[in-house]
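What follows is a short report on a single structure.
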Amino acid sequence: GQFVTIRLQLRVERGALTVPSGAVVRGPDGPYVFVIGADRVVRKQAVKLGVATAVTSIIADGLAEGDEVVTDGQYRIQAGSVVEILDKPTAANGASP
């Protein structure tokens with residue numbers, strides 16, 4: 001009558017492109033993220049997910065290294081919205097290099 005939750009690591013994906021799981025939005029056409037352009041205008045970008053946890057999602061297809069994505073407030077914006085970047089992650093505030 002007891003239940004146990006087990007998490008088993010089967011493999012390590014080196015060099016995988018990852019985003020915070022909160023950046024991924026699930027819509028009727030599948031998962032997508034909002035990519036921030038050089039002019040701070042966002043566009044909706046469909047992505048193919050690999051392994052996803054509560055913290056990090058591996059992006060198998062749809063993003064390139066260096067793309068900036070919206071990580072908070074996705075439900076208040078749409079493609080074409082102009083966003084303000086409040087704080088870029090650095091090693092000093094908890095992001096890994």
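The values are calculated or read from the model by the stated rules, or taken from the named source; none is laboratory data. Keep in mind the model is a prediction, meaning the values are calculated, not measured. In this analysis, Cβ positions are derived from the backbone assuming ideal geometry, glycine residues included, and neighbour counts consider all displayed protein chains. Ligands, DNA and RNA are excluded from the accessible area calculation, which covers all protein heavy atoms including side chains. Shrake-Rupley method; radii C 1.70, N 1.55, O 1.52, S 1.80 Å.
A few notes on this one:
- Residues (within 18 Å of residue 76 (Cβ to Cβ) and of a type in the set (A, V, I, L, M, F, W, C)) located in the range 25-57: 25, 33, 34, 35, 36, 41, 42
- Taking every residue in the range 1-26 that is at negative phi and pairing it with any residue that is open to solvent by 100 Å² or more (accessible area, probe 1.4 Å) and not in a helix (DSSP H, G or I), at least 6 positions away or on another chain, the pairs with Cβ-Cβ distances below 8 Å are 17/65; 20/55; 21/54; 21/55; 22/72.
- Qualifying residues in the range 1-56 (those that are open to solvent by 90 Å² or more (accessible area, probe 1.4 Å) and among the β-branched types (Val, Ile, Thr)) - the one nearest to the chain's Cα centre (by Cα): 55
- Filtering the range 67-80 to residues that are in a loop (DSSP other than H, G, I, E, B), over 12 Å from the mean Cα position of the chain (by Cα) and not aliphatic (A, V, I, L, M) leaves 73, 78, 80.
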